[in-house]
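Input: a single structure, listed below in structure tokens.
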Amino acid sequence: MPHKIYDLLKERILVLDGAMGTMIQRYQLEEDDYRGERFKDYPHSLKGNNDLLSLTRPDIIKAIHKAYLEAGADIVETNTFSGTTIAMADYKMEDLVYELNFESARLARAAADEVTTQTPNKPRFVAGAMGPTNRTASLSPDVNNPGYRAITFDELAAAYKQQAGALLDGGADILLVETIFDTLNAKAALYAIDELFEERGQRYPVMVSGTITDASGRTLSGQTTEAFLISVSHMPLLSVGLNCALGASQLLPYLQTLSQKSDFCISAYPNAGLPNAFGQYDETAEQMQAQIREYLELGLINIIGGCCGTTPDHIRAIADVAAQYTPRIPQANLAN
């Protein structure tokens, strides 16, 4: 199944799902929803731990996956953006990390398989989402001690290896290292993934997606788009791309750089515009569709989806327009 995606990427543009957090917010969940019966007496606040909902409200998470799949997504991301011991330390839930990732992948797998059964000519895939953690290996969190680091490369690699293993065990087809603001964190993830593949004797497709934080065209740790690409190109990747932070129109020049420089497939899942004064996203599905059409007309994209503020309506509009265009041809293929 994972290898089928390579063939499909030559035939058409694949559609990734939209924002999990945006959809969870629509349910207006309270502390009791996050706790469920199992964690009703937990000594720490759990509201906001969206990954935990895979255990306490699996009905909601699966419903969100199915909504995106039925809107036209070929790939759904697992509900595991914070699924490492590093990020879960905020909730004192490090011991739950394997279960959280395994169950999240299992839920996404079940949703994908159910929808694929309805339309067997269109296989759906599960991408195990591996977020950036809340630590940075390249920068000091202490302005008075620039040499200090809150995390080491080895600690990041160990956490990512545990997460990746659980995601694959739960049924993920792809591993997606996403929203990269510090490429050294991403390199720890790729190192861990490669080590895991070697130990298991089987390789899976790997997607990498960075985030450009502002109009400077750089990641938070200071890399340009091209430098980011070079830093992760040592590993054979299914795709490299960008997500989050910026809307579709703001992301365009950086996608052009990736498309021109990379031999990998290119992915993009921008926000629904830039946030307003209240942190909300106002860009409609139609507005976002029009901006993404420009990506497609320029032949920049192989995988397209949505990040913050996007909903099944956005993904439906994106899928509709993506079906009208052929996928980007990677530079290596053009040379052959």
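No lab work stands behind these numbers, since they all come straight from the coordinates. Here the structure is a predicted model, which means the values were calculated and not measured. Positions of Cβ are generated from backbone atoms using ideal geometry, with glycine treated the same way; all protein chains shown enter the neighbour counts.
Here are some notes:
- Look at the alpha carbon pairs under 8 Å that are at least 6 residues apart: their mean separation over the length of the range 131-232 gives a relative contact order of 28 percent.
- For Asp95, Asp32, Asp173, the sequence from fewest to most other C-beta atoms within 10 Å is Asp95, Asp32, Asp173.
- Note on Lys161: lysines with a C-alpha under 19 Å away, same-chain residues under 8 apart excluded, are Lys187.
- Straight-line cross-link partners of Lys10 among the lysines, defined as a Cα under 22 Å from its Cα and at least 8 positions apart when in the same chain: Lys122, Lys261.
- Test item: Cα-centred dipole of the range 106-188, Lys/Arg +1 and Asp/Glu -1 on Cβ, debye: 120
- Highest-fluctuation residue, Tyr27, Tyr281, Tyr295 considered, GNM on the chain with Cα pairs under 10 Å: Tyr27
- Averaging the sequence gap over all C-alpha pairs within less than 8 Å and six or more residues apart, then dividing by the number of residues, gives the chain a relative contact order of 19 percent.
- The distance from the alpha carbon centre of the range 283-334 to that of the range 20-41 is 31 Å, rounded to a whole number.
- Taking the centroid of alpha carbons for each part, the range 94-161 and the range 217-270 are 19 Å apart.
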